[in-house]
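Note sheet for the following structure.
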Amino acid sequence: INHPSTSKIEVDMMISPLMQEHVATSELICSFRDITDIKKIESELRNALDAEKELNKLKSSFTSMVSHEFRTPLTVINTSADILSNYFDQLSEDRRQKHLDKISKQINRVTRLMDDVLTLTQAEEKGFIFNPRYSNLKQLSQTIIEEVKIGYSNETYVIFNSEGDCS
């Protein structure tokens, strides 16, 4: 339907037969109701619901990832603690120190992970502020590799190559 303020509107239409003294005639009554605003609100609600569903998927995925990231260092801590507890007298001082160092590194890793989660939670509550800055990608990559290697044995190697200016 053409409307003075817009080119098209959505309407709800009702048609009823015209009754005269309880007898139907060949005439009809037709009424229209403008439901453009209702349809617009429905669409906005659908979009908001879709966005909420996507956000819930992301939160679920994030929770799963965080759970995995915590589980890895905790497993290393638990294993080293068990070895120290059960075989302390049989281990050399050097081996004991290596297990204590592993425990310390993994505790630091868990602490950093928790700090990251808290930072993300606070940022979500307050809103993210985009503050880009230059960073040396080679140095960043090497730092990430070192952090990931902590959870693996000394026999695990990562070969990293970079080309060009990575700053």
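Sequence-distant contacts, meaning Cα pairs under 8 Å at least 6 residues apart, place the relative contact order of the chain at 14 percent.
Highest mobility in the GNM of the chain, judged by mean-square fluctuation with C-alpha springs under 10 Å and restricted to Val117, Val148, Val11, is found for Val11.
Only lysines eight or more places from Lys98 in sequence, or on another chain, were considered; those with a Cα closer than 27 Å are Lys149.
Suppose R0 equals 22 Å. What FRET efficiency, 1/(1 + (r/R0)^6) with r the Cβ-Cβ distance, do Gln142 and Thr63 give to the nearest 0.05? Efficiency, from the Cβ-Cβ distance: 0.15.
Convex hull volume of the Cα atoms of the stretch 105-167, normalised per residue: 93 Å³.
Per residue of the chain, the DSSP helices (runs of n ≥ 4 H) give a summed -39500 (n - 2.57) that works out to -21500 deg cm²/dmol at 222 nm. On a 0 to 90° scale, report how tilted helix 93-126 is relative to the longest principal axis of the chain, with both axes built from alpha carbons and the result rounded to the nearest 10. Once rounded, one gets 20 degrees.
Convex hull volume of the C-alpha atoms in the chain, normalised per residue: 304 Å³.
Over 25 Å apart at the Cα level, from the set Lys53/Lys126; Lys59/Lys126; Lys59/Lys102, are Lys59/Lys102. Against the chain, whose longest principal axis comes from its Cα atoms, helix 36-87 is set at around 20 degrees. Nonpolar atom fraction for the chain, defined as the carbon and sulfur part of the 1.4 Å probe accessible area, stands at 55 percent.
Using the Cβ-Cβ distance between Arg112 and Glu52 with R0 set to 22 Å, the FRET efficiency from 1/(1 + (r/R0)^6) comes to roughly 0.10. In degrees between 0 and 90, to the nearest 10, how far off the longest principal axis of the chain does helix 137-149 point, with axes built from Cα atoms? The angle comes out near 70 degrees. Placing unit charges on each Cβ (+1 for Lys and Arg, -1 for Asp and Glu) gives the stretch 14-153 a dipole about its Cα centre, and among Asn47, Ile29, Gln139 the Cα reaching farthest toward its positive end belongs to Gln139.
The values are calculated or read from the model by the stated rules, or taken from the named source; none is laboratory data. Note that this is a predicted model, so its numbers are computed, not measured. Backbone-built Cβ (ideal geometry, glycine too); neighbour counts: all protein chains shown. These accessible areas exclude ligands, DNA and RNA; they are computed on the full protein's heavy atoms, side chains included. Shrake-Rupley method; radii C 1.70, N 1.55, O 1.52, S 1.80 Å.
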